[in-house]
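Taking it in order: structure first as structure tokens, then the write-up.
The values are calculated or read from the model by the stated rules, or taken from the named source; none is laboratory data. Because the structure is predicted, anything quoted here is derived from the model rather than measured. When the accessible area is computed, the model is the full protein with side chains, heavy atoms only, and any ligands, DNA or RNA have been set aside. Shrake-Rupley method; radii C 1.70, N 1.55, O 1.52, S 1.80 Å.
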Amino acid sequence: MKIRYNAPVTLTFALISATVLLLDQLFGLHLISTFFIVPGKGGFDPSFAPGYLRLVTHIIGHVGWQHLLGNFSLILLIGPILEEKYGSSSLLVMILLTALITGLLNVLFFPTALLGASGVAFMMILLVSFTNIRSGDVPLTFILILLFYLAREVMNSLQTNQISEFAHIVGGFCGSLFGFLKPRR
């Protein structure tokens, strides 16, 4: 029996994120604060070229191992299913679009910095509910996931925490949109 690299986008995303966090913590390189955080409203400098890259790369940075494991336990579970259904290149585009949209909205509307892959995880959660969609049907699982997910995020947004519920909601919206617009492979 041999080990197969079955979901290249999902696995590479997880490995890069874990490597960045490990290097940052082991060597104090400040990689995450330099390259993998998108600033909040008023913090984006249009003349600083790397700032544009951070609109997407913020999904690689994580505060710590608990943050990373929370996101990638979902991504590693759902990502391979989505890669099989939509293809690796399509999933990569969906991940990058979700990152860009959440990054732009954060820079435009929210005062705090943003990092982590939770928007991508929630994009995948909503998108995976479309795996058994048929022409003209909306899966009941999609409706239930959407209702539970939105209820949880609204309740969480009423608490004081350092979690970006808006990124979860935007990621979920992107996943829903991709599910309705993107046909299966």
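The C-alpha atoms of the chain define a longest principal axis, and helix 8-27 lies at about 20 degrees to it.
Computed with a 1.4 Å probe over protein heavy atoms only, the accessible surface of the chain comes to 56 Å² per residue. Between 0 and 90 degrees, rounded to the nearest ten: what's the tilt of helix 165-181 against the longest Cα principal axis of the chain? The answer is roughly 40 degrees.
Its DSSP H runs of at least 4 residues, each contributing -39,500 (n - 2.57), put the calculated 222 nm mean residue ellipticity of the chain at -22000 deg cm²/dmol, to the nearest 500.
For the stretch 66-138, dividing the convex hull volume of the Cα atoms by the residue count gives 104 Å³ per residue. Karplus-based coupling profile of the stretch 88-101, in residue order and whole Hz: 5, 5, 5, 5, 4, 4, 5, 5, 5, 5, 4, 4, 5, 5, with θ = phi - 60° in 6.51 cos²θ - 1.76 cosθ + 1.60 and x standing for Gly or Pro. By accessible area, using a 1.4 Å probe on protein heavy atoms only, the chain has 70% of its surface on carbon and sulfur. May I ask for the angle, rounded to the nearest 10°, between helix 65-86 and the longest principal axis of the chain, with both axes built from Cα atoms and the value confined to 0 to 90°? The helix 65-86 is inclined about 40 degrees to the chain.
Across Met94, Met1, Met155, the residue with the most accessible area heads the list, and the full order at a 1.4 Å probe is Met1, Met155, Met94. For Ile60, the amide hydrogen comes within under 5 Å of the amide hydrogens of Gly116, counting only partners 5 or more places away or on other chains and with H modelled in the peptide plane.
For the stretch 1-104, report the translational diffusion coefficient in µm²/s to the nearest whole number, using Stokes-Einstein at 37 °C, 0.692 mPa s, and a Kirkwood Rh over Cα pairs.
Values: Rh = 14.8 Å.
Answer, rounded: 222 µm²/s.
The value of relative contact order for the chain, using C-alpha pairs under 8 Å at least six residues apart, is 25 percent.
Considering just Cα atoms, how many Å³ per residue does the convex hull of the chain enclose? It would help to have the intermediate numbers written out before the result.
Working: hull volume 25.4 nm³, N = 185.
Hull volume over Cα atoms, normalised by residue count, gives 137 Å³.
Where is the GNM fluctuation largest for the chain (alpha-carbon springs, 10 angstrom cutoff): Ser89, Ser33, Ser47? Of the options given, Ser47 has the highest mean-square fluctuation.
Given the options Gly119, Gly87, Gly171, which has the most mean-square fluctuation in a GNM of the chain, springs set between C-alpha atoms less than 10 angstrom apart? Ranking Gly119, Gly87, Gly171 by mean-square fluctuation puts Gly87 first.
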